[in-house]
Amino acid sequence: MSTMSFEDIESAYETLAIGIDTAGAQREALFLTRLALLLGHELDDINAFRNAIEAALAELE
Amino acid sequence: MRPAGKGPLDSLYFHYPRFPARHVAELDSIVRRHAAVIVGAGPIGLTAALVLARYGVRSVLIDRKDTLNDGSRAICIARPSMHILERIGAVAPFVKKALGWRFGRSYYRGQEIFRLEMPHPSGEKYLPMYNLQQQYIEQFLHDAVASCDLIDMRWQTEFDKLDCRADGVSLNVSSPAGHYRLEADYVLAADGARSPIRSMLGLRLKGENYEGKYVIADIRMDHDFPTERRAFFEPSGNPGGTVLIHKQPDNIWRVDYQLREGESEEEALREENIRARVGAILTDIGHDKPWELEWWSMYSANTLCLDDYRHGRVFFVGDSAHIVPIFGVRGLNNGLADADNLGWKLALVLNGEADDRLLDSYSPERRGATLDVFANATKSTRFMTPPTRGWRLAREAALSLSLKHEFPRALANPRQMQPYTYSESPLTPYAGRDAEFDCGPSSGSASPNAKLADGGHLLDHAGIGMTAILFCDGSPNTEAKLLLDLLQMLDKRFVWLLIDGQGTASEAPAIPDADGEIARLFGAQPGTLYLLRPDLHIAGRWKAIVPDEILRTARICLGKQTP
C-alpha cells in the first residue's frame, strides 16, 4: 500500500498535467510512454507494474 | 538484382564458375540405388554431403542451377558453425577469407546507445562470428565436395516427381544430358525456402509473417571501420527506418535498411531509389568517397517452420524446414547444425550400425532449436520492425531514454543466438545429473573449448563418434578403464580424453591440466566424466562415473538402444 500523502498525490497529479501540456499534443503519447518506462524501472517490481497497466486499462472509458 | 546493363552474375568481385551437366550412369539405364540423395547444393546441402562422407557414406547431390548463389545473402557464420566446417575438413579457406568479429554498436539518432560484446571465453578457438558472402561459403564447400570421391555432384539437375515409399524414394530428374530416375534410401530436402519437395509432399510451413520490409544492398567502398555490426535507429539517412551495416571481405559492405511504413516495394527496389537511399545512409555515417553498387534484394521477417522435419524417408534441412528472421543470424547457422545433426545419425543408420529410430530424434532436436530461435527472434523482430503503434511508441520511448539512461539500452541488443541446448532430447537421458554440478556446461549444450599448453585446443582431440572427457589425478582407476574399454567396444570411433590434474598419467591421450583450468571450466573433480556426441553436444555428465548410465547414454546416441 502506498503511504503517499494527499499533498504528494496532488502534486504528482499537477506535475503530470503540466508535463502533458509541456510535451504538447504531438508528443504526449511518447512522453507518457517514456514516463511509464522510467517509473517502471524506478518501481523495480514487474508485478506491481503489470497491475498498474491493468488497472489503467480497466478504467478506460 | 544488379545495376542496369549487368547480368545476374556480373559481380564486381566474384567470378562465377559455370558447372556443366554430366553424363551419369543412370542415362545408360544402369539402375543404382543410392544411400542418400541430397536436393539443393546450397551451404546446407553441401555440408550434409560432407558430413555423410566423413562417415564413409556416399551421396548424390543435385542442384538445378549451374553455378553458386547469385548474391551475398547469408553472411554471418557463428562459432559453432566454424566447428562443423572444421570437422568436415573445410574450415581452412573460411579462416583465411572471412572477417571475424565480436563487437557491435547501436545508435539512436546518430548517438551510440548500446555496445554489443559477444562472449568470447579465452579457451575458444574461433571468434563468435565471421562475415563471408554466401557465394564464397558455397565455393569453399563445393571445393571440398569436388575433391571428395564419395560425393556425386550433379549440377543442372532438376527433379519433377518424387515417389516416397516405405522402402525407399524415387525421383524423376532431368538435366541437359537427359531424363532419368534416381533411387535412394533417403532424400534430404536442402532445396531452400521455397522447397519444391515440401510443396510436392503437400507440407506447409506454419508460423507468422511480419510486416516490416528491409532492402539488403551490397556496395563496394574503401571505408575505414572495423568489422562490427552497426545498427542505426532513426538515422537521418533513412528517417523512419532502421539501418544495419556489416563489413564483408573484398571491400564489400552490406547495407540493410528498413522501408518506411506504406512505402511501395516496387519503387524501393528501383536502382535509382536504392542509390539515393544508400547514398544518404553513407553520408550519414561520414563516408564521402565514391562507392559502387554490387547487388540488392528484399527481405521481410518470418518465423515459419514445418511441424515435423521428417516425412518418412525424406528429411528437411535448412530453409526448407524453417525460415527465421535475419536479425539473429540463425538461418544459415541453424541450417548447418541441421545438416550436422542429421548427418551423423543418418550415416550410422546407412552404415548399418544404428536403428532407423535414431533418426526420429532429428526433428525434435532441431525443431526445438528453431522454436527457441522464434522465441528470441520474435522479440528482436518486434524491436527491428515494430508491428503496431504500441510497439513503435514503446521502442521510441526506450531508444530515446537510452541516450541518458542505462536501463533500456540492452533492448537494442540484436540477441544473436547461442547454440541450442538439447536438454530435453531423448538422447540426453540423464540431464538430472546436472544437479550434481555447481557450474560447467549442462547436459545437451555445446561443449566449451579449452586452450591447451601445446597451443592446440581440447576439441581438436574430439572424435567423430562418441568422445569421453575423463578428469583424473594421474591414471584412471580400474573401474574407469573398464568403462572406457566397454565404450570402445560399443563405438569403433570412440575417443577418450584424459584430463590429468597431476600430469603423471602414462596413458597416451592424457592432457595435462596442472593449473586445473580445464577442470574448472567443466566444474569437474577427479573422477568426473563428460560424454560428447558426434556433434560435440554433451550427451551427459557425471560428477563420478556411473557405468550403467554412461553406457546406456552411448547406446542411445549410437542408435543401438531406443530411449
Item checked: For B:TRP296: the one exception among (1) among the aromatic types (Phe, Trp, Tyr); (2) without any contact (Cβ under 8 Å) to a residue 40 or more places away in the chain; (3) touching a helix residue (DSSP H, G or I) at 6+ places or on another chain (Cβ under 6 Å) -> (2)
Item checked: Spans of helices (runs of 4 or more DSSP H) in region B:31-134 with at least 2 residues over 14 Å from the mean Cα position of the chain (by Cα) and of a type in the set (Gly, Ala, Ser) -> B:43-54
Check: Can you tell me how many residues in region B:17-66 are farther than 20 Å from B:GLY318 by Cβ and among the polar types (S, T, N, Q)?
Finding: 1
Next item on the list: Just one of (1) within 14 Å of chain A (Cβ to nearest Cβ); (2) closer than 27 Å to B:VAL60 by Cα trips up B:LEU306, so point out which.
Entry: (1)
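Taking region B:469-482 only, how many residues are surrounded by fewer than 23 Cβ atoms within 10 Å (Cβ to Cβ) and at pLDDT 95 or above?
1
For residues that are of a type in the set (D, E, K, R) and within 14 Å of another protein chain (Cβ to nearest Cβ), tally how many sit in region B:342-400.
Residues of region B:342-400 that are of a type in the set (D, E, K, R), as a first pass: B:345, B:353, B:355-357, B:360, B:365-367, B:372, B:379, B:382, B:389, B:392, B:395-396.
Those left that are additionally within 14 Å of another protein chain (Cβ to nearest Cβ): B:389, B:392, B:395-396.
Within region B:342-400, residues that are of a type in the set (D, E, K, R) and within 14 Å of another protein chain (Cβ to nearest Cβ) number 4.
Looking only at region A:43-53, count every residue that is surrounded by 10 or more Cβ atoms within 10 Å (Cβ to Cβ) and of a type in the set (Asp, Glu) and tell me the total. Show your work before the answer.
In the first step, residues of region A:43-53 are kept if they are surrounded by 10 or more Cβ atoms within 10 Å (Cβ to Cβ); the result is A:43, A:45, A:48-53.
Now narrow it down to the ones that are of a type in the set (Asp, Glu): A:45.
Qualifying residue count, region A:43-53: 1.
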Item checked: Residue ID - nearest to B:CYS305 (Cα to Cα), chosen from residues in region B:381-400 that are of a type in the set (S, T, N, Q) and open to solvent by less than 10 Å² (accessible area, probe 1.4 Å) -> B:THR381
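Give the residues of region B:335-370 that are over 30 Å from B:THR303 (Cβ atoms) and surrounded by fewer than 24 Cβ atoms within 10 Å (Cβ to Cβ), sorted by residue number. Before you say what the answer is, go through the steps one by one.
Of region B:335-370, the ones over 30 Å from B:THR303 (Cβ atoms) are B:347-356.
Across region B:335-370, the qualifying residues are B:ALA347, B:VAL349, B:LEU350, B:ASN351, B:GLY352, B:GLU353, B:ALA354, B:ASP355, B:ASP356.
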Next item on the list: Give the residue, chosen from A:ALA25, A:ALA29, A:ALA36, that is exposed (fewer than 11 other Cβ atoms within 10 Å of the Cβ) and closer than 24 Å to B:ALA398 by Cα.
Entry: A:ALA25
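Can B:ARG204 be described as among the basic types (Lys, Arg) and open to solvent by 40 Å² or more (accessible area, probe 1.4 Å)?
yes
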Next item on the list: Considering (1) in a loop (DSSP other than H, G, I, E, B); (2) modelled with pLDDT under 90, say which one B:HIS223 fails and leave the rest.
Entry: (2)
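Just one of B:ASN413, B:ASN449 is open to solvent by less than 10 Å² (accessible area, probe 1.4 Å), on the phi < 0 side of the Ramachandran plot, away from chain A (no Cβ under 14 Å) and in contact (Cβ under 8 Å) with a residue 12 or more places away in the chain; which is it?
Details: B:ASN413 fails: open to solvent by less than 10 Å² (accessible area, probe 1.4 Å).
Going through B:ASN413, B:ASN449 in turn, the sole match is B:ASN449.
Within region B:477-498, identify whether any single residue is of a type in the set (Gly, Ala, Ser), at positive phi and over 30 Å from the mean Cα position of the chain (by Cα), and answer yes or no.
We begin by selecting, within region B:477-498, every residue of a type in the set (Gly, Ala, Ser); these are B:480.
From what's left, at positive phi: none.
No, that holds for no residue.
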Note to self: So in region B:401-410, with the set limited to residues that are within 9 Å of chain A (Cβ to nearest Cβ) and open to solvent by 50 Å² or more (accessible area, probe 1.4 Å), which one is farthest from B:TYR299 (Cα to Cα)?
What the structure shows: B:HIS405
Item checked: Per-region count, region B:13-26, residues surrounded by 13 or more Cβ atoms within 10 Å (Cβ to Cβ), in a loop (DSSP other than H, G, I, E, B) and over 27 Å from the mean Cα position of the chain (by Cα) -> 3
Check: How many residues does region B:300-318 hold that are open to solvent by less than 30 Å² (accessible area, probe 1.4 Å) and either farther than 30 Å from B:ARG165 by Cα or outside any strand (DSSP E or B) (or both)?
Finding: 7
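Can you name the residue in region B:430-440 that is touching a Gly at 6+ places or on another chain (Cβ under 7 Å) and crowded, with 17+ Cβ neighbours inside 10 Å and, of all such residues, is nearest to B:CYS557 (Cα to Cα)?
Restricting attention to region B:430-440, the residues satisfying the condition of being touching a Gly at 6+ places or on another chain (Cβ under 7 Å) are B:430-431, B:433, B:437-440.
Restricting the remaining residues to those that are crowded, with 17+ Cβ neighbours inside 10 Å gives B:430-431, B:433, B:437, B:440.
On the way: B:TYR430: 12, B:ALA431: 14, B:ARG433: 17, B:PHE437: 22, B:GLY440: 22 Å.
Checking each candidate, the answer is B:TYR430.
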Notebook entry, point to check: Just for helices (runs of 4 or more DSSP H) wholly inside region A:1-59: which have at least 1 residues that are without any contact (Cβ under 8 Å) to a residue 24 or more places away in the chain, in contact with a strand residue (DSSP E or B) (Cβ under 8 Å, 6 or more places away or on another chain) and within 12 Å of another protein chain (Cβ to nearest Cβ)?
Noted result: none
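Being under 21 Å from B:ASN413 (Cα atoms), surrounded by fewer than 21 Cβ atoms within 10 Å (Cβ to Cβ) and touching a strand residue (DSSP E or B) at 6+ places or on another chain (Cβ under 8 Å) narrows it down to one of B:THR227, B:THR242, so name that one. Before the answer, list the steps.
Values: B:THR242 fails: surrounded by fewer than 21 Cβ atoms within 10 Å (Cβ to Cβ).
So the residue among B:THR227, B:THR242 that is under 21 Å from B:ASN413 (Cα atoms), surrounded by fewer than 21 Cβ atoms within 10 Å (Cβ to Cβ) and touching a strand residue (DSSP E or B) at 6+ places or on another chain (Cβ under 8 Å) is B:THR227.
The values are calculated or read from the model by the stated rules, or taken from the named source; none is laboratory data. Keep in mind that this is a model prediction, so the values were computed, not measured. Using ideal geometry, Cβ is built from the backbone for each residue, glycine included, and neighbour counts are taken over all protein chains shown. When the accessible area is computed, the model is the full protein with side chains, heavy atoms only, and any ligands, DNA or RNA have been set aside. Shrake-Rupley method; radii C 1.70, N 1.55, O 1.52, S 1.80 Å.
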